[in-house]
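Notes follow once the structure below has been shown.
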Amino acid sequence: MAFGRGGKMDGRRPSSSSFYTTTTVVVFVALCLVGAWMMTSSTVFPLEISSNKKPVVKQQPAPVNFGTSEGAFSGNAGEGSGKFEDTDNSDTTVPDESNNKEAPDEEKFTENTMERLEEKPEEKEPEPLKESEEKKDMFDDANGKSEGRSDDVKNDNDGEKSREKKDDEITNENGDEKPDGEKKDDQESSEGDATQDEQPQIEEKVEENEEKEQSTNSSEVFPDGGQSELLKESDTQNGSFPTQASESKNEKEVQASSKSSGKETSYSWKLCNSSATTDYIPCLDNEKAIKKLRTTKHYEHRERHCPEEPPTCLVPLPEGYKRPIEWPKSRDKVWYSNVPHTKLAEYKGHQNWVKVSGEYLLFPGGGTQFKNGALHYIDTIQQALPDIAWGKRSRVILDVGCGVASFGGYMFDRDVLTMSFAPKDEHEAQVQFALERGIPAISAVMGTKRLPYPSRVFDVIHCARCRVPWHIEGGMLLLELNRLLRPGGYFVWSATPVYQKLPEDVEIWNAMSTLTKSMCWKMVSKTKDKLNQVGMAIYQKPMDNNCYEKRSENNPPLCKESDAADAAWNVSLEACMHKLPVGPTVRGSKWPESWPQRLEKTPFWIDGSQVGVYGKPANEDFEADNAHWKRVVSKSYVNGMGIDWSKVRNVMDMRAVYGGFAAALKDQKVWVMNTVPIDSPDTLPIIYERGLFGMYHDWCESFSTYPRTYDLLHADHLFSKLEKRCKLVAVFAEVDRILRPQGKLIVRDTADTINELERMAKSLQWEVRMTYTKANEGLLCVEKSMWRPKELEAST
């Protein structure tokens, strides 16, 4: 030791007094060194908080950024504690071997120590420290503050260890080495630390570890403790928004009879044995229920009749199925093998709906009312009524009886989003053609029930020879459109009664004229398309109740005050009109902002006096949700999961709240079906106000779409909530039904739910692209297999 050698420098034998003095100094110094050793040895503990398990990396397709909810030494921890906040997008989950080789011995020692701590949780005896470390009795934290007591640090670390009892689990499939940009960040960090030569080495190691921890925290995947209320279902509430279930008075009480199943460790799948075979839609192909119907006069047989027990079987693939053609080429042609139906081509080929050409189905862009192309027809409407202003004033429209949805497909060229629907009827697979082409559509019919949309949300409703008898039974079906149409919105009716003089057409026209006048709809244009030789009439819904109050007859009658206009799930139609909103702060009292400004604009009727879904004042809740999903989508979904977005077109958010996920994808060539579950806060009107669209649904039942129609499904804390009402196996079977082969499922949910869904996916031989769990939260990305497991047998 230095002091021992110093005692013999004069070469003389020390006296008795000097001996005692030397002994006292040696003992004092020894005690100091022991104290210093205890302090510096405690600096090993922060290394343990980054992970309790060594990461497992398997064929990573692209860098995936992971954050942590608790970062002991994050440099911007103070900033990150705010709700919905995220940090930068660097990633340190994959070690950089090239940098490790060049690291100094001290760094290697630190990393090796961390690896041993990760592999074996038991505390190990630290190795002897260097002299420069022994002299260190203070160190700076990430914010530059000095910490003078090692006991305080040790207690803090013990607290962190107690919160980190649950191991982090990270698995990335299809892995590559760390990207160059990330290596550069690491090198720059090392160079920055190296410039501080006056700092002892142990301080450099602590700061370096803090940077790594901050980088680990940098991803959006899980916000820190203050942000996590966005992701945890237990923290959400209805706020000022009622649920669709509570609004719909005639909703089926399926929740009471639904039984939750225990978590299974193995799954046995079988193919569905239905006459619909590859096109099976459980709630529309329930032959047993349809046979029991007393009448089909109002198209009851085309409405939803879900099986009492949701099916858990798998829909087989058509023979020769191929990956769908990418948008926008898919608008013009699709693989015949994917939708092998020819009846519609034979029946409607002369109207340019669809034609068969070799291995393709071709779509010339025509329709019954626009044989010479949809774009000319769309522009004719604009010329007849400039105020309709496609893509500015009019953004979200409803197309009734859409056929193969060419009208909606070409509306994308005018920056208009079209919700198209048609029944699953003798026009074989018309909606399936639309979805295969990459055009939004659902299977639905105007029968005896309200459509699954809120009131006063569509800017325009369009009907081109949609074969709906609007004028009969007190105008009940047209009154349903009146419920859906925004005050001041337009109804475009292109049908033979508008321009033909046959006795039947004249009779219908007269009846429609009487009905629309009594509904206070004003005909603002009646024109003829000379090229297509068709005509159209355009009506406008009033903005206030003045006309209703001045009517000489209360026919159609006004709905009762107790009739909730937004109630839409299994609610029977009534031949009545709802009063229009009154007051400057009531939804529907004024027109939304022009597109695209309305996408980011907080709806005018949302203010601080209401409570949002996440507990904040509603306007702040909306803004925070919007900012959060922008970060999530840009940092993780678009750039971090290895998803080729050029192959993604049809997207569904299975549990949309404010539509933030869909809004964040606005720069992608996709459309998003925002689904609001019936037992979730009814925020669907907000989604429409933003210029987006969606519908209500109960995920304990099948969705009204054909198999293999979505490229990507997104579910934020949906499955854990569904476990309380229905079997997850049935819900996952429905996910498998509507997801295309090689389609992606992204789930954010509780760790237990993530693990269960991962087991289900693996049992179907799906590829697990990425799975991550932290504490009780998890993230999962899986890809559906292109082929069915060979061992599957048809169920009986």
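The values are calculated or read from the model by the stated rules, or taken from the named source; none is laboratory data. Given the structure is predicted, the values throughout are model-derived calculations rather than measurements. Please note: Cβ atoms are built from the backbone with ideal geometry, for glycine as well, and neighbour counts cover all protein chains shown. The area values use the complete protein model at the heavy-atom level, side chains included, leaving out ligands, DNA and RNA. Shrake-Rupley method; radii C 1.70, N 1.55, O 1.52, S 1.80 Å.
Heavy-atom accessible area per residue, segment 559-602, 1.4 Å probe: how many Å²?
Accessible area per residue: 50 Å².
Express in nm, to one decimal, how much length is gained between Asn546 and Ser513 on full extension, taking 0.36 nm for each residue of separation and deducting their alpha carbon distance. Write out the running numbers ahead of the final one.
Numbers: separation 33, 0.36 × 33 = 11.88 nm, distance 1.98 nm.
Here the answer is 9.9 nm.
So, with a 1.4 angstrom probe, what is the percent of accessible area on segment 404-451 that is carbon and sulfur?
Working: 410 of 880 Å².
Exposed carbon and sulfur together represent 46 percent of the surface.
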How are the Cα pair distances of segment 339-387 distributed, in percent, across 5 Å bins from 0? 5, 22, 23, 18, 12, 9, 6, 4, 1
Those trypsin sites (Lys or Arg not before Pro) from segment 712-764 that are DSSP loop and have at most 13 other Cβ neighbours within 10 Å turn out to be Lys724
Cleavage-rule hits (trypsin sites (Lys or Arg not before Pro)) in segment 640-705: DSSP loop, at most 16 neighbouring Cβ within 10 angstrom: Lys666, Lys669
Under Stokes-Einstein, segment 369-452 at 37 °C and 0.692 mPa s, with its Kirkwood radius over C-alpha pairs, diffuses with a coefficient in µm²/s of 245
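Above 17 angstrom, tally the Cα pairs of segment 408-498 and express them as a % of all pairs, no decimals.
On the way: 2287 of 4095 pairs.
So the pairs more than 17 Å apart make up 56 percent of the total in segment 408-498.
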Do any chymotrypsin sites (Phe, Trp or Tyr not before Pro) in segment 696-796 lie in a DSSP loop with no more than 11 other beta carbon atoms within 10 Å, and if so, which? Trp787
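For Lys526 and Lys297, FRET efficiency with R0 = 30 Å and r from the beta-carbon atoms, rounded to 0.05? Walk me through the numbers before you get to the answer.
Numbers: r = 32 Å, r/R0 = 1.06.
FRET efficiency, Lys297 to Lys526: 0.40.
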Rg to Rh quotient for segment 673-796, alpha carbon positions, Kirkwood Rh: 0.97
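Percentage of Cα-Cα pair distances in segment 640-735 greater than 22 Å, rounded to whole percent? Walk me through the numbers on the way to the answer.
Numbers: 1308 of 4560 pairs.
It works out to 29 percent of all Cα pairs.
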Mind listing the phi-derived Karplus ³J(HN,Hα) values for segment 287-293, rounded to whole Hz, using 6.51, -1.76 and 1.60 with θ = phi - 60°, and x for any glycine or proline? 4, 4, 6, 5, 5, 8, 5
Per residue and in cubic angstrom, what volume does the convex hull of the Cα atoms of segment 416-565 have? 142
Residue by residue through segment 479-491, the couplings from Karplus 6.51 cos²θ - 1.76 cosθ + 1.60 with θ = phi - 60°, in Hz, x for Gly and Pro, are 5, 5, 5, 4, 5, 7, 6, 5, x, x, x, 10, 10
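Working out 0.36 nm times the residue gap between Glu319 and Ser594, then minus their Cα-Cα distance, what length gain in nm do you get to one decimal? Walk me through the numbers on the way to the answer.
Working: separation 275, 0.36 × 275 = 99.00 nm, distance 4.63 nm.
Gain on extension, Glu319 to Ser594, equals 94.4 nm.
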If you split all Cα-Cα distances of segment 552-599 into 5 Å bins from zero, what percentages do you get per bin, shortest first? 5, 15, 18, 19, 16, 14, 9, 3, 1
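Rounded to a whole number, what % of the accessible area of segment 309-367 do carbon and sulfur atoms account for, probe 1.4 Å? Can you show the working numbers first?
Numbers: 1470 of 2860 Å².
In segment 309-367, the share of accessible area belonging to carbon and sulfur is 51 percent.
Leaving out ligands and nucleic acids, and using a 1.4 Å probe, what accessible area per residue does segment 345-454 come to in Å²?
Working: 3210 Å² over 110 residues.
For segment 345-454, the per-residue accessible area is 29 Å².
Report the equivalent ellipsoid semi-axes for segment 578-629 in whole Å, largest first, defined as the square roots of five times the eigenvalues of the gyration tensor built from alpha carbon atoms.
Details: eigenvalues 91, 50, 11 Å².
Values for segment 578-629, descending: 21, 16, 7 Å.
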P(r) of segment 296-419 over all Cα-Cα pairs, binned every 5 Å from zero, in whole percent: 2, 9, 14, 17, 16, 15, 14, 8, 3, 1, 0
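Considering every pair of different Cα atoms, what Kirkwood radius, in Å, is found for segment 536-683? Walk me through the numbers on the way to the answer.
Numbers: mean 1/r = 0.0537 Å⁻¹.
This gives a value of 18.6 Å.
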